[in-house]
Protein chains: 2
Amino acid sequence: MLNIYGHFLSPPTNIVRLCVSYLGLPHEYIHVDLQKGEQSSPEYLKINPAGRVPALEDDGFLLSQSSAICKYMCGLSGPSDFYPEDLQSQAKVNQWSDFAGKHIMPAMGRLFFNKIVAGMIGAEIDKGAIKTGEAMLARDLPLIEDVLKSREFLAGDKLTLADITLIAGLEPAEMVQVDISAYPSIEKWRKTLMERGFYQRVHSHFAAEMQSS
Amino acid sequence: MLNIYGHFLSPPTNIVRLCVSYLGLPHEYIHVDLQKGEQSSPEYLKINPAGRVPALEDDGFLLSQSSAICKYMCGLSGPSDFYPEDLQSQAKVNQWSDFAGKHIMPAMGRLFFNKIVAGMIGAEIDKGAIKTGEAMLARDLPLIEDVLKSREFLAGDKLTLADITLIAGLEPAEMVQVDISAYPSIEKWRKTLMERGFYQRVHSHFAAEMQSS
């Protein structure tokens, strides 16, 4: 049985939640209360010494980093179009997962932390980081728009781990006033994915759990 | 034949150069002159529409993102301890590669850009980003120190892609005044790796190519 530790305001957690939902693997999801500091408790540091979410425990095997967790779960699930075995196909999925995880996600993270979290925890707002995050998105979203104009999914004509990574990365857009409708192909792709069962089984939208937590 | 496009001041390029050197795959390395803007030339944008280095071309197959490129080259090279096939072993290599690539590298990147590059290209220095980068390293280097105190390499007792990723991420340390000697296990691990043939075949240290370019 897989135990997945996370928090619904953590985009990397949401990659893992969307991925396990898509794969349909039996698992238990354990909410780590970041506001109460549970990520630094002695119990949690045994799961992930880095004190971060998400983390995975599979019968004593411990793993962190969302992308590594997803690839591991794909391995458990077996070969599929979602994470293809063919070397070049898998490489393109890795490329676009990393593009989403290393460019879009850190950009959105800068906005989310400084526009939302900083106020919640009384941290200083870094306006330079907001400016950098906006510049990063202004550079990279048009590249993704071009890709999704030419094909249905990020890495080709099938839904893959790359799409899951990007959709989780884009989730906070409304909350931080990033206008996705300026990118019609991204908006269409995003809307279609968010309506699907695997997405709706996790939540209706980013931070929907806030009302019920 | 693999064509690898990159620039020696780009840590992600250096991950790929160190990786291909370790694997011993025949390849051609093509320097992209970022100062002259070659990354935005029509020719280069055909290789990587994102206008970034590194990129790989393998007989018409195009790939970007350092981590995806390295995994692809490991696939070409065949199963090895460097990137093991076993699901859990590979997951731990992925975890530590991502830890280095998503925490250490962006931290060092903030310092490198604002302490070195900004002055070279006349960009504004973002002191908040320097502070954030230093805080990220102060949080994460002790975690890596703990790991390297307990075992020879980052992901276990064998050198893997995770070590290559970390060593490339740490390369600019001296240039940006990050004192690695405060972390004796990291320093020892780093020194040992930098003395090895696969490292020396790329360069003696970060930016050594500057003198000869």
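The values are calculated or read from the model by the stated rules, or taken from the named source; none is laboratory data. Nothing here was measured: the structure is a model prediction, and the numbers come from that model. In this analysis, Cβ positions are derived from the backbone assuming ideal geometry, glycine residues included, and neighbour counts consider all displayed protein chains.
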(request) For B:K115, work out the one condition from (1) within 10 Å of chain A (Cβ to nearest Cβ); (2) of a type in the set (K, R); (3) farther than 14 Å from B:V16 by Cα; (4) in contact (Cβ under 8 Å) with a residue 60 or more places away in the chain it doesn't fulfil. (result) (1)
(request) Would you mind telling me which numbered condition in (1) surrounded by 23 or more Cβ atoms within 10 Å (Cβ to Cβ); (2) outside any helix (DSSP H, G or I) B:E85 fails? (result) (1)
(request) Identify the single condition in (1) within 27 Å of B:S204 (Cβ to Cβ); (2) crowded, with 22+ Cβ neighbours inside 10 Å that B:S10 does not satisfy, given that it satisfies every other one. (result) (2)
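Pick out the one residue from B:Y72, B:Y29, B:Y5 that is surrounded by fewer than 21 Cβ atoms within 10 Å (Cβ to Cβ), in contact with a strand residue (DSSP E or B) (Cβ under 7 Å, 6 or more places away or on another chain) and of a type in the set (F, W, Y).
Working: B:Y72 fails: surrounded by fewer than 21 Cβ atoms within 10 Å (Cβ to Cβ); B:Y5 fails: surrounded by fewer than 21 Cβ atoms within 10 Å (Cβ to Cβ).
Only one candidate qualifies: B:Y29.
Taking the stretch A:137-164 only, how many residues are within 14 Å of chain B (Cβ to nearest Cβ) and in a loop (DSSP other than H, G, I, E, B)? Even if it seems obvious, please write down each step before you answer.
If we filter the stretch A:137-164 for residues that are within 14 Å of chain B (Cβ to nearest Cβ), which is where we start, we get A:137-151, A:154-156, A:160-162.
Still in the list and also in a loop (DSSP other than H, G, I, E, B): A:151, A:154-155, A:160.
Residues that pass the stated criteria total 4.
Conditions tested, residue by residue: (1) farther than 18 Å from B:Q65 by Cβ; (2) without any contact (Cβ under 8 Å) to a residue 24 or more places away in the chain.
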| position | (1), (2) |
| --- | --- |
| A:D140 | no, no |
| A:S150 | yes, yes |
| A:F153 | no, no |
| A:T160 | no, no |
| A:D163 | no, no |
| A:M175 | yes, no |
| A:P184 | yes, no |
| A:A207 | yes, no |
(message) Looking at (1) of a type outside the set (S, T, N, Q); (2) at positive phi; (3) under 19 Å from the mean Cα position of the chain (by Cα), which one does B:A155 not meet, given that it meets all the others?
(response) (2)
(request) Starting from residues that are of a type in the set (F, W, Y) and touching a residue at least 40 places away in the same chain (Cβ under 8 Å), keep the ones in the stretch B:59-90 and report whichever is nearest to the other protein chains (Cβ to nearest Cβ). (result) B:Y83
(request) Give the residue, chosen from B:E134, B:E124, that is in the same structural domain as B:I186 (by TED's automatic domain parsing), of a type outside the set (A, V, I, L, M, F, W, C) and outside any helix (DSSP H, G or I). (result) B:E124
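Please state which one of B:L34, B:L2, B:L62 is under 22 Å from B:D163 (Cβ atoms) and not β-branched (V, I, T).
That would be B:L2, the only listed residue that is under 22 Å from B:D163 (Cβ atoms) and not β-branched (V, I, T).
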(message) I need the strands (runs of 3 or more DSSP E) fully contained in the stretch A:1-58, keeping only those with at least 3 residues that are within 14 Å of chain B (Cβ to nearest Cβ).
(response) A:55-58
(request) Keeping to the stretch A:57-82, report how many residues are at pLDDT 95 or above and either more than 16 Å from the chain's Cα centre (by Cα) or more than 26 Å from A:A155 (Cα to Cα) (or both). (result) 13
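Just need a number here: residues in the stretch A:88-121 that are among the small types (G, A, S) and either in a loop (DSSP other than H, G, I, E, B) or out of contact with any helix residue (DSSP H, G or I) (no Cβ under 9 Å at 6 or more places or on another chain) (or both).
Looking only at that region, the number is 3.
Yes/no matrix, rows are residues, columns are (1) in the same structural domain as B:V16 (by TED's automatic domain parsing); (2) closer than 21 Å to A:P12 by Cα; (3) of a type in the set (F, W, Y):
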site	(1), (2), (3)
B:Q39	yes, no, no
B:P42	yes, no, no
B:P49	yes, no, no
B:E57	yes, no, no
B:G60	yes, no, no
B:Q65	yes, yes, no
B:A68	yes, yes, no
B:K92	no, yes, no
B:S97	no, yes, no
(request) Would you mind finding the one in A:A100, A:A91 that is within 15 Å of A:D163 (Cβ to Cβ) and crowded, with 22+ Cβ neighbours inside 10 Å? (result) A:A100
(request) May I ask you to verify whether B:R110 is without any contact (Cβ under 8 Å) to a residue 60 or more places away in the chain, surrounded by 18 or more Cβ atoms within 10 Å (Cβ to Cβ) and not assigned by TED's automatic domain parsing to the domain that holds B:D33? (result) yes
